[in-house]
Amino acid sequence: MEFKTFVFYVFAAIMVFAALRVITARNPVHAALFLVLAFFSAGGIWMLLEAEFLAITLVLVYVGAVMVLFLFVIMMLDINVDRMRQGFWSYLPVGALIAILLVVEMVLVLGGRYFALDAMPEPPPAQAGYSNTREIGRLLYTDYVYPFELASLVLLIAMVAAVTLTLRKRKGLKSIDPEIQLSVKREDRVRLVNMPAEKE
Amino acid sequence: MNFVVPDFYPAAAEIFVAIMALVTMLATTFLKRIGRSLAYVLAQATLIGAAFITIYTMDGHVTLTFSNMFIADLMGDLLKLLIYFAVAIGLLYGRAYLADRNMDRPEYFLLALLMTLGMMVMVTSNHMLTLYMGLEMMSLSLYAMVAFDRESARSTEAAMKYFVLGALASGLLLYGMSMIYGATGSLEFSGIAQAIYHQAANKTVLLFGLVFIMAGLAFKLGVVPFHMWVPDVYQGAPTAVTLMIAAAPKLAAFAISMRLLVFGLFELAEQWQSMLMFLAVASIVLGNLAAIAQTNIKRMLAYSGIAHIGFMLLGLLSGVVDGDRHFALNAYSSAMFYAVSYVLMTLAAFGMVILLSRAGFEAENIEDFRGLNQRSPWFAAMMMIVMFSMAGIPFFIGFFAKFSVLQAVVAAGYIWLAIVAVLMSVIGAFYYLRVVKVMYFDEPIDSAPIHAPADVRVMLSANGLAVAVLGLLPQGLMSLCAYALIASL
């Protein structure tokens with residue numbers, strides 16, 4: 001066995017184990033941490049596929065940002081573990097059926113003639129000095145610039161939607177809107193009253 | 001590395017709308033006190049401006065740009081113009097309704113603009129990736145708009161349903177696309193068509209992908225058996241948003257069906273036609289039968305919409321008969337004409353529902369239309385025109401739309417299909433006529449006078465009259481659709 005294959009199996013085994021623990025761990029925080037481990041191993045496998053940039057992005061973005069946020073949310077929510085487990089047995093038949101269907105489909109697709117290993121030959125390895133990152137960057141900003149810009153607009157929509165659906169003005173706050181503050185004129189604040197001079 | 005800077009000119013309208021959406025966002029942030037009316041005015045100005053740009057950049061040729069991801073052709077331009085029109089009308093009808101419910105926040109108009117942009121991207125896509133991006137832009141904006149009434153539990157529930165099912169549909173569509181990509185090695189529609197034509201692609205994998213693509217499309221179109229979300233979302237969303245969902249997105253859905261099925265997978269026409277046939281028959285039957293049982297007019301219009309989309313599919317499925325492509329042009333242009341006339345009718349129908357609603361009162365039930373003739377004979381007549389037209393009574397636009405689709409179906413030799421469709425529209429006429437009966441022969445429960453802004457009154461009247469006038473003179477619009485397709489196919 002080649003060393004590369006050995007590394008692949010190590011990563012794959014860790015990933016499968018971690019993925020199983022995600023759904024079996026009792027404590028949701030543990031489950032989230034196992035998901036981090038699964039992402040890490042997936043990153044390792046991508047590295048073996050010579051997709052260094054994607055591997056590092058996976059670790060940076062998913063592990064570094066998304067999962068940390070996720071952990072925060074899980075810790076903030078007061079999840080009752082026992083209530084989560086209610087109905088496990090009643091959902092089991094449906095869940096098991098779907099799982100079996102998925103496995104059968106996967107076997108059909110991967111084991112079938114069309115997507116088997118000989119139908120998908122291994123691509124030739126890239127030369128030394130070939131930069132994955134550079135190639136992705138070049139493609140993103142040239143050929144794929146249109147969908148790339150559209151993706152940025154999709155993110156903008158998500159932001160606008162999230163803000164507009166969740167931002168609520170709290171009532172009873174004493175803070176002043178800066179716009180009103182800035183547009184104040186002297187006449188609003190000071191009133192000059194003309195009074196005749198009076199003798200003491 | 002030979003990269004040529006793409007030609008931005010064909011995409012001028014898209015770029016304009018994108019920039020204006022950003023301008024609207026910034027302007028309303030800095031000018032908060034006039035933000036609401038400013039956002040409305042900017043949104044309408046953007047739509048009008050985009051219409052001018054589209055007309056100006058329109059030529060009869062097919063132009064590809066952005067590494068062949070963007071296609072500018074006459075079909076796309078025509079559909080884009082109609083989309084601006086539908087969105088502009090939707091904003092105009094809905095504005096007072098939203099203001100009464102404190103929902104006319106600037107974000108609403110911003111999301112409407114971004115939704116329009118998403119639809120434009122869908123209409124002009126020549127690549128799976130851009131098609132999907134456009135679809136997500138449109139859908140995300142719509143999900144947020146459905147949930148815009150944060151106080152209403154029903155709206156939130158509708159938005160949740162729409163979001164979850166929409167995400168599922170997007171997943172199905174993406175899965176199908178990945179299969180097609182795996183089989184043909186191309187994401188570009190012309191590339192896919194070529195790979196299939198040269199039989200370079202594995203047929204089993206292609207069909208596998210096609211099934212998923214059809215399921216995803218059917219979800220987005222809202223046809224049986226993927227229609228579950230339609231009535232709930234139509235009913236739960238604020239009526240102004242229902243109007244938005246019911247009108248322009250149908251044109252965009254027609255466009256992506258054309259792009260995917262006709263431009264990309266035309267070689268598989270025999271296969272997708274039989275799938276469409278099932279979807280169409282099921283939608284026409286179930287839509288019309290279920291609409292009879294409804295008391296809520298928004299739900300009724302939702303089911304009637306399902307039936308109408310089924311009718312539109314009848315046009316799409318009669319293009320190729322036994323490998324003969326003679327009828328394709330006629331069939332597709334009849335489907336396009338159907339989509340256009342449906343949008344025109346649905347705008348007027350939901351416009352009427354909005355017209356009868358006022359602050360603190362939702363005219364949601366068919367009962368609310370009781371005695372409308374005594375309250376406002378003019379608008380009762382408008383509603384009658386729209387209902388007659390939807391039922392397919394001659395000589396309104398809906399009749400000609402149904403007629404041209406049936407002509408295409410008969411030409412393709414599916415006589416039984418035409419018979420089912422006609423029978424079902426006769427049954428469907430019942431619930432349309434019931435609304436007319438309620439308006440003219442029942443006593444009003446609620447005698448409050450109808451007050452709506454002058455622009456809504458004028459536009460709604462024009463909308464209703466257009467349904468009648470285009471019914472008398474349908475030839476122009478019909479030949480426009482046919483001409484656009486000749487230039488594009």
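The values are calculated or read from the model by the stated rules, or taken from the named source; none is laboratory data. For clarity, every value in this text was computed on a predicted model and none was experimentally measured. Glycine gets a Cβ as well: all are built from the backbone with ideal geometry, and neighbour counts include every protein chain shown. Calculation scope for accessible area: heavy atoms of the full protein, side chains included, ligands and nucleic acids excluded. Shrake-Rupley method; radii C 1.70, N 1.55, O 1.52, S 1.80 Å.
Select from the stretch A:86-114 the residues that are more than 13 Å from every other protein chain (Cβ to nearest Cβ) and either in contact with a Phe, Trp or Tyr (Cβ under 8 Å, 6 or more places away or on another chain) or of a type in the set (Phe, Trp, Tyr) (or both) and list them in ascending order. A:88, A:89, A:91, listed by residue number. Taken together, the residues in the stretch A:122-167 that are of a type in the set (Phe, Trp, Tyr), open to solvent by less than 30 Å² (accessible area, probe 1.4 Å) and either at positive phi or more than 7 Å from chain B (Cβ to nearest Cβ) (or both) amount to 0. Among the residues making up the stretch B:264-273, those that are in a helix (DSSP H, G or I) and touching a Leu at 6+ places or on another chain (Cβ under 8 Å) are B:268, B:269, B:271, B:272, B:273. If you take the residues of the stretch B:41-72 that are within 14 Å of residue B:14 (Cα to Cα) and part of a loop (DSSP other than H, G, I, E, B), which of them is most open to solvent (accessible area, probe 1.4 Å)? Restricting to residues being within 14 Å of residue B:14 (Cα to Cα) and part of a loop (DSSP other than H, G, I, E, B), the top hit is B:58.
Which numbered condition in (1) within 16 Å of the chain's Cα centre (by Cα); (2) under 21 Å from residue A:153 (Cα atoms); (3) among the acidic types (Asp, Glu) is the only one that residue B:77 fails? Here residue B:77 clears every test but (2).
Within the stretch A:1-38, the set of residues being without any contact (Cβ under 8 Å) to a residue 40 or more places away in the chain and exposed (fewer than 12 other Cβ atoms within 10 Å of the Cβ) comprises A:1, A:2, A:3, A:5, A:6, A:9, A:13, A:23, A:24. Does residue B:157 satisfy the condition of being within 13 Å of another protein chain (Cβ to nearest Cβ), in a helix (DSSP H, G or I), of a type in the set (Asp, Glu) and in contact with a helix residue (DSSP H, G or I) (Cβ under 8 Å, 6 or more places away or on another chain)? So residue B:157 does not fit the description; no.
Residue by residue, here is whether (1) in contact (Cβ under 8 Å) with a residue 24 or more places away in the chain; (2) β-branched (Val, Ile, Thr); (3) open to solvent by 10 Å² or more (accessible area, probe 1.4 Å) holds:
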{"site": "B:324", "(1), (2), (3)": "no, no, yes"}
{"site": "B:347", "(1), (2), (3)": "yes, no, no"}
{"site": "B:377", "(1), (2), (3)": "no, no, yes"}
{"site": "B:381", "(1), (2), (3)": "yes, no, yes"}
{"site": "B:407", "(1), (2), (3)": "yes, no, yes"}
{"site": "B:411", "(1), (2), (3)": "yes, no, yes"}
{"site": "B:429", "(1), (2), (3)": "yes, no, yes"}
{"site": "B:439", "(1), (2), (3)": "yes, no, no"}
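The number of residues in the stretch B:142-154 that are more than 10 Å from every other protein chain (Cβ to nearest Cβ), open to solvent by 10 Å² or more (accessible area, probe 1.4 Å) and either more than 14 Å from residue B:98 (Cβ to Cβ) or of a type in the set (Val, Ile, Thr) (or both) comes to 2.
Where helices (runs of 4 or more DSSP H) fall wholly inside the stretch B:181-248, the ranges with 3 or more residues that are over 16 Å from the mean Cα position of the chain (by Cα) and surrounded by fewer than 23 Cβ atoms within 10 Å (Cβ to Cβ) are B:189-197, B:203-221. Considering only residues that are open to solvent by less than 40 Å² (accessible area, probe 1.4 Å) and either within 21 Å of residue B:119 (Cα to Cα) or in contact (Cβ under 8 Å) with a residue 24 or more places away in the chain (or both), which ones fall in the stretch B:27-37? Within the stretch B:27-37, B:28, B:35 qualify.
Of the helices (runs of 4 or more DSSP H) entirely within the stretch A:95-200, those holding at least 3 residues that are closer than 30 Å to residue B:205 by Cβ occupy A:132-141, A:145-166. Scanning the stretch B:281-329 for residues that are outside any helix (DSSP H, G or I) and more than 28 Å from residue B:367 (Cα to Cα) yields B:318, B:319, B:320, B:321, B:322, B:323, B:324, B:325, B:326, B:327. Of the residues that sit in the stretch B:1-16 and are facing chain A (nearest Cβ under 10 Å) and assigned to a helix (DSSP H, G or I), which one is most open to solvent (accessible area, probe 1.4 Å)? Looking at the filtered set, the residue picked out is B:15. Under the condition of being polar (S, T, N, Q), touching a helix residue (DSSP H, G or I) at 6+ places or on another chain (Cβ under 6 Å) and within 13 Å of chain A (Cβ to nearest Cβ), the residues counted in the stretch B:173-186 number 1. The requirement of being in a helix (DSSP H, G or I), touching a His at 6+ places or on another chain (Cβ under 8 Å) and hydroxyl-bearing (Ser, Thr, Tyr) is not satisfied by residue B:332.
Checked against the criterion of being out of contact with any strand residue (DSSP E or B) (no Cβ under 7 Å at 6 or more places or on another chain), within 11 Å of another protein chain (Cβ to nearest Cβ), open to solvent by less than 10 Å² (accessible area, probe 1.4 Å) and polar (S, T, N, Q), the candidates B:170, B:139 yield just one match: B:139. Checking B:132, B:93, B:84 one by one, the residue that is within 14 Å of chain A (Cβ to nearest Cβ) and not aliphatic (A, V, I, L, M) is B:132 and no other.
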